[in-house]
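Structure record follows, encoded as structure tokens.
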Number of protein chains: 2
Amino acid sequence: MLTISNTPSSTAKILTGSNMNPRVRKAEYAVRGELAIRSEAIKVELANGGSFPFQRVVGCNIGNPQALDQKPITFFRQVASLVEYPDLLKDENREIALKLYASDAIDRAKLLLANIGSIGAYSHSQGIPLIRENVARFISDRDGFPADPSKIFLTQGASAGVQLTLQMIVEHPNVGIMIPIPQYPLYTATLAVLDAKPVPYYLDESKAWGLTTDELQRSYDEAAKNKIETRALVIINPGNPTGQCLSEENMREIVEFCKKNRVILLADEVYQTNIYQPEQRPFHSFKKVLKSMGAEYEGFEMISYHSISKGMIGECGRRGGYFECEGLDQSIMNEIYKISSISLCPNVQGQIMVDLMVNPPKKGDPSYDLYKQEYDAIYFSLIKRAKKLEEMFNSLEGCTCNSADGAMYLFPQVRLPKKAIAAAEVAGKAPDQFYCLALLEATGVCMVAGSGFGQVEGTAHFRSTFLPQPELFDGFCAGITKFHAGFMDKYRD
Amino acid sequence: MLTISNTPSSTAKILTGSNMNPRVRKAEYAVRGELAIRSEAIKVELANGGSFPFQRVVGCNIGNPQALDQKPITFFRQVASLVEYPDLLKDENREIALKLYASDAIDRAKLLLANIGSIGAYSHSQGIPLIRENVARFISDRDGFPADPSKIFLTQGASAGVQLTLQMIVEHPNVGIMIPIPQYPLYTATLAVLDAKPVPYYLDESKAWGLTTDELQRSYDEAAKNKIETRALVIINPGNPTGQCLSEENMREIVEFCKKNRVILLADEVYQTNIYQPEQRPFHSFKKVLKSMGAEYEGFEMISYHSISKGMIGECGRRGGYFECEGLDQSIMNEIYKISSISLCPNVQGQIMVDLMVNPPKKGDPSYDLYKQEYDAIYFSLIKRAKKLEEMFNSLEGCTCNSADGAMYLFPQVRLPKKAIAAAEVAGKAPDQFYCLALLEATGVCMVAGSGFGQVEGTAHFRSTFLPQPELFDGFCAGITKFHAGFMDKYRD
């Protein structure tokens, strides 16, 4: 006879999937989800002699350039190396050090350490004052409007900044945050954890992922009807996963929309230097656009985010970035400082890379020529690879792909045969997930299914970076092309 | 006539102190609170020629050894420097590199990079597999029981690990987490943000900050009476701010208490090498104690935390650490991985320092002698400074101080005159805060008032590190002694 007890057995776990934090359980993050986990497992199997129809996993699921062998910028790494080991900066070692390091790298490292003390010490919780001053100068040079170091917070990457600032805003579960669809899933994941409501607005794929204020207003109004108090609007510019870059006029409309509806603008501008059509689609910062709109917009509340992980730097593993607050109430600034201080400080090597990003070698500096050469090589190659991948996607049966004005991704739509959709259903997968899993097993290429970013119901997309190195790029494209043809043949209706 | 409108004025801020996240607003973190902020302001004034009765601010508010000029371990920094700049590892540079770097530092950097690729790439979200293997080996060597790399998560410092794991546990606002009083305020701050209930248990100052299971049970039972569902118990061992080190017998009782009451044990063991009475009060890990308790404790749920910021390493600014999960349900492990992946990965330089911490030079290695010499110099000096500061505190009028078995702090009690308490009230400060502010203005020494850690009602304490460098230590003690005498004279009843 079975005895059923109402008290938990003493060997049952105290914490389980069913009594843990339900907000955490709800969060989803496809960029490192099932596909990424499977690709990690394949890597291990490959290393242990496992047999696959490919030699190497190519992680195009995440904008991680150095994992795909992009070389770091020499000057940046020289400074990072020197600050780790201050003995190298001593006069008695100068002669030998100069055989390995550029003189301006040595000078910069000295200047930083004179200001910081040791990179092994906790810094100011808001970030090293000197570096925040340099960030402010960078912003004012970029925009032509002043920036204030006391309104800049250094962070462990833009993601940490987004999480920290969203946390400030969410007062109760009916606070809404407008997010683009498709979006980078950091946003939905963070809102799930914070127990806030995502308020989706749709980018128009048929108009090059265009953003209209009509759609913003529709989204806002619909949320209001559902008693959601919309407090902020996230704009990712250039877009992730969609790669579009906003026009100045469009940005002004967005600022007007925010003012009219009393919504804080959160501007994710981490791809600001990944601009591939600089003539037709240059990058404008929201700070510059806002400041050019005149006194009427004084006090407008905005936060903008930047990162060392993207651009031509790609120092993802280091975890560095900053955000700039504009027009926030002083009490909120104090609270941001307090919450930053609980985590003590952003890692100092990340902060130093922010310094290098905003203050790279200048014309005439000993390291300038090499810096310029390395930077341009990455930049022009990214333009080429973006174009090549777009053309490849557009050549595939049933596939259409907008071009990337910026960022590191393409987000093609694929129209899958009904038989493939049925097979996906049998496998218990979304159709685009099913496609991406098959691609991974056949080619070693790891992409992320569109369902992880959000997409119009009934459509299927995937996101791929164009980061594989130039010498491997043709092979990479050929592999996908071959797989796609086979997949379509197999499931053709 | 005044017109009063119910709709917010268009210039009023959207986000203010009164409609922000109330859980964030509630959080307090005294270690970087009013005293630390004032000390930062004094630093700036001093740098700009401001006049104070001292030349330098001495930050004893936080365990930040390198900010007080503790030299980093040379071998560690050599490896950190080399991994930043892989060109130094090329054969053609070996001859020059060997003039600046030890050969085993070069070998270690090569091994790490061969495994990692680039430190500029996002790593595995759980931490670099090789480094987790080394952590597991370190734990099993330390404890004599096996450890599993798949149950180890690398983090950006122990604080990040504590925040992440507490987040898993808090299902609803009546979840309680037992914390010591006095405690390190990371815990109360994190519980405030998570909207959980701190369940305080008191350490007994009259018994060298002893911890009894009677007091644990009283605390648990009282919470239960208030309908609080206590899910976890935080133990800080060695204690912060109190410096006590638990006996093995006491630890076994604590494990029994947890099992009996179905409470997860969270063991903050970041000070495990800061042990100053190694004969009478050696460090035992909870993992070892648990594993030695036999099969009955199979499946016991525990998380233990470690850090590169403490010990003789003191690499706080780098933000690195790990936690090891014991007996957690697999679904919880998966959720911990997911939530880690949303933040992408811990910074790689922090991970590398974890590797160096758990795998330092060994006897016979070229760097061993220097490593040992540097490590021991810091260690024996800390023992001396802890003793000296304790004696100084015990020599002050109205002041008593337990000795530190471990950690980096002393937490003396000071019995303030009634007149001082009245003056504090007039100033709108807690008495111990009032005392610490006066100390800061008079001497430049920044401590943290006991009210920031919690203390028995009506008592006053403060926490000070004993980290000022040996050559400054006597002056540091003399300054406090002189201030204290003057303070007591001024307010004597």
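Accessible area per residue for the protein assembly as shown, computed on protein heavy atoms with a 1.4 Å probe, is 38 Å². Restricting to bridges with both residues inside the protein assembly as shown, how much of the DSSP beta-bridge set is antiparallel, in percent to the nearest 5? The antiparallel proportion sits near 50 percent. Averaged over the residues of B:308-317, the number of partner chain Cβ atoms lying within 10 Å of the residue Cβ comes to 4. Inter-chain neighbour count for B:31-42: the average number of beta-carbon atoms from partner chains within 10 Å of each residue's beta-carbon is 2. Between amide H atoms placed 1.01 Å from N, distances below 5 Å from A:V58 occur with A:V445, A:C446, all of them 5 or more places distant or on a separate chain.
If a paramagnetic tag sat 7 Å from the Cα of A:V44 along the Cα-Cβ line, which residues of segment B:324-351 would have the backbone N under 20 Å from that point? Within reach of a label on A:V44, which here means backbone N under 20 Å from a point 7 Å along Cα→Cβ, segment B:324-351 contributes B:324-342, B:344-346.
Using the Karplus relation 6.51 cos²θ - 1.76 cosθ + 1.60 with θ = phi - 60°, the per-residue 3J(HN,Hα) values for segment B:227-241 come to 6, 8, 8, 6, 10, 8, 10, 8, 10, 9, 9, x, x, 10, x Hz, with x marking Gly and Pro. Extending 7 Å from Cα along the Cβ direction at A:K482 and again at B:L113 yields two label points whose distance is 3.3 nm. From the Cα gyration tensor of segment A:109-258, with a ≥ b ≥ c the square roots of its eigenvalues, which class applies: rounded if a/c is under 1.5, or else prolate if a/b is larger than b/c, or else oblate? Note, shape of segment A:109-258 comes out prolate. For segment B:282-297, 3J(HN,Hα) computed residue by residue from phi via the Karplus equation (6.51, -1.76, 1.60; θ = phi - 60°) reads x, 7, 10, 7, 5, 4, 5, 4, 4, 5, 7, 8, x, 5, 4, 9 Hz, glycine and proline entered as x. Distance between the 7 Å Cα→Cβ label points at B:D376 and B:E391: 2.3 nm.
Remind me, relative contact order of chain A in percent, using alpha carbon pairs under 8 angstrom and six or more residues apart? Relative CO of chain A lands at 21 percent. Among the GluC sites (Glu not before Pro) within segment B:223-313, those in coil by DSSP and having at most 15 neighbouring Cβ atoms inside 10 Å are B:E279, B:E298. Within chain B, the whole DSSP H helices whose Cα atoms reach 27 Å or more along their own axis and whose mean Kyte-Doolittle score is at least -0.5 are B:470-491. With the cut-off at 1.5 for a/c, could you classify segment A:331-415 from its C-alpha gyration tensor as rounded, prolate or oblate? Cα axes put segment A:331-415 in the oblate bin.
The H on the amide N of A:G176, modeled in the peptide plane, is under 5 Å from the matching H of A:K197, A:E229, A:T230, A:R231, each at least 5 residues off or on a different chain. For A:Y201, the amide hydrogen comes within under 5 Å of the amide hydrogens of A:I179, A:I181, counting only partners 5 or more places away or on other chains and with H modelled in the peptide plane. Computed with a 1.4 angstrom probe on protein heavy atoms, the A-B interface buries about 7900 square angstrom of accessible area in total.
Computed in the context of the full set of protein chains, the accessible area of the protein assembly as shown at 1.4 Å probe radius has 53% of its extent on carbon or sulfur.
Estimated from helices alone, the mean residue ellipticity of chain B at 222 nm is -14000 deg cm²/dmol (sum of -39500 (n - 2.57) over DSSP H runs with n ≥ 4, per residue).
Taking every residue in B:140-151 and counting other chain Cβ atoms within 10 Å of its Cβ, the average works out to 0.
Among beta bridges identified by DSSP and lying wholly in chain B, the antiparallel ones come to about 50 percent.
Between segment A:354-426 and segment B:81-141, what is the C-alpha centre distance in whole Å? Segment A:354-426 and segment B:81-141 have Cα centres spaced 30 Å from each other.
Among the GluC sites (Glu not before Pro) in segment A:369-474, those located in a DSSP loop and surrounded by at most 12 other Cβ atoms within 10 Å of their own Cβ are A:E457.
The values are calculated or read from the model by the stated rules, or taken from the named source; none is laboratory data. Source: prediction; values computed, not measured. Using ideal geometry, Cβ is built from the backbone for each residue, glycine included, and neighbour counts are taken over all protein chains shown. Quick note on the areas: whole protein, heavy atoms, side chains included, nothing else; ligands and nucleic acids left out. Shrake-Rupley method; radii C 1.70, N 1.55, O 1.52, S 1.80 Å.
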